[in-house]
Amino acid sequence: MKKKPGKAAPKSKPARADAAANRGLVIVITGDGKGKTTSAFGQALRAVGQGYKVYMMQFMKGRNYGEFKAARRCLPSLTIRRSGLDSFVMRGSPAPVDIELARKGFESARKAIASGRYDMVILDEINVAADFKLIELADLIQLIQSRPPGLDLILTGRYAAREVIRLADTVSEIKDIKHHYAAGIKGRAGIEY
């Protein structure tokens with residue numbers, strides 16, 4: 001007799017063997033090339049596949065990007081929150097609403113980290129938010145240093161501060177070698193959003 005197809009039970013997290021393996025990592029994905037958020041989503045997908053619960057806060061983003069829609073439909077173990085408008089933020093003179101939204105997003109991320117509900121937290125575009133002075137770099141440093149010991153923390157965005165890079169366990173820089181924008185090709189669904 002065949003089993004009826006159905007949802008598989010969620011896998012439990014694999015046991016980590018030693019204290020070093022139990023230590024959460026800080027991963028920074030920075031640089032001027034395309035793919036930083038996409039890389040973070042790849043990490044989230046890998047973690048969810050291993051039974052981990054993942055929280056992502058997207059700073060300076062308000063649009064329903066494809067990954068946001070897909071996660072809502074298909075990945076209940078991936079919680080995504082956004083803290084921004086679907087508009088350009090001016091470096092050097094951000095609108096007060098951009099500062100307010102970033103700070104509210106940062107506070108929500110801080111609560112998610114402290115909650116103990118998540119194994120991985122991704123702060124998408126946090127490096128840009130700090131560089132644009134939407135949030136205080138000192139607050140970001142404190143958040144990194146005070147996170148729970150087993151939490152994996154991923155920080156994306158251009159302009160990663162030297163202090164953040166020093167605290168990280170892994171830093172990847174995505175370099176812009178060639179981009180279709182330079183040829184006048186506009187952003188499109190499935191590629192940029």
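Quick notes
- Picking from residues in region 22-51 that are crowded, with 19+ Cβ neighbours inside 10 Å and of a type in the set (Ser, Thr, Tyr), the one that is nearest to Arg162 (Cα to Cα) is Thr30.
Condition check ((1) at pLDDT below 95; (2) outside any loop (DSSP other than H, G, I, E, B)) across all residues:
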site	(1), (2)
Ser87	yes, no
Pro94	yes, no
Leu101	no, yes
Gly105	no, yes
Ala130	no, yes
Leu134	no, no
Ala138	no, yes
Leu143	no, yes
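- Yes/no for Glu125 being of a type in the set (Asp, Glu), out of contact with any helix residue (DSSP H, G or I) (no Cβ under 9 Å at 6 or more places or on another chain) and under 25 Å from Thr38 (Cα atoms): no
- Checking the stated criteria, Gly62 turns out not to satisfy the condition of being out of contact with any Pro (no Cβ under 9 Å at 6 or more places or on another chain) and either part of a helix (DSSP H, G or I) or loosely packed, with under 12 Cβ neighbours inside 10 Å (or both).
- Every pair of residues 6+ apart whose Cβ atoms lie under 8 Å, when the first sits in region 145-165 and is farther than 17 Å from Met57 by Cα while the second is assigned to a loop (DSSP other than H, G, I, E, B): Pro148/Gly24; Pro148/Gly116; Pro149/Arg23; Pro149/Gly24; Gly150/Arg23; Gly150/Gly24; Gly150/Asp119
- When Val128, Val121, Val89 are checked against the criterion of being in contact (Cβ under 8 Å) with a residue 24 or more places away in the chain, of a type in the set (A, V, I, L, M) and touching an Asp or Glu at 6+ places or on another chain (Cβ under 7 Å), Val89 stands alone in meeting it.
- Exactly one residue among Ala70, Ala114 is assigned to a helix (DSSP H, G or I), over 25 Å from Ala161 (Cβ atoms), without any contact (Cβ under 8 Å) to a residue 40 or more places away in the chain and over 15 Å from the mean Cα position of the chain (by Cα), and that residue is Ala70.
- Scan of region 49-68 for residues that are farther than 19 Å from Gly105 by Cα and either out of contact with any Lys or Arg (no Cβ under 9 Å at 6 or more places or on another chain) or modelled with pLDDT under 90 (or both), ordered by number: Gly66
- Candidate set: region 154-180, residues that are exposed (fewer than 12 other Cβ atoms within 10 Å of the Cβ) and more than 30 Å from Asn22 (Cα to Cα); chosen: the one modelled with the highest pLDDT: Lys175
- Verdict on Tyr193 being assigned to a loop (DSSP other than H, G, I, E, B), out of contact with any His (no Cβ under 7 Å at 6 or more places or on another chain), surrounded by fewer than 20 Cβ atoms within 10 Å (Cβ to Cβ) and at pLDDT 95 or above: no
- Tabulated pairs, region 175-193, first within 22 Å of Phe68 (Cβ to Cβ), second surrounded by 10 or more Cβ atoms within 10 Å (Cβ to Cβ) and among the aromatic types (Phe, Trp, Tyr), C-beta under 8 angstrom, 6+ apart or interchain: Gly187/Tyr181; Gly187/Tyr193; Tyr193/Tyr65
The values are calculated or read from the model by the stated rules, or taken from the named source; none is laboratory data. Note that the structure is predicted; figures quoted are calculated from it, not measured. When we count neighbours, we look across all protein chains shown, and the Cβ atoms used for this are built from the backbone with ideal geometry, even at glycine.
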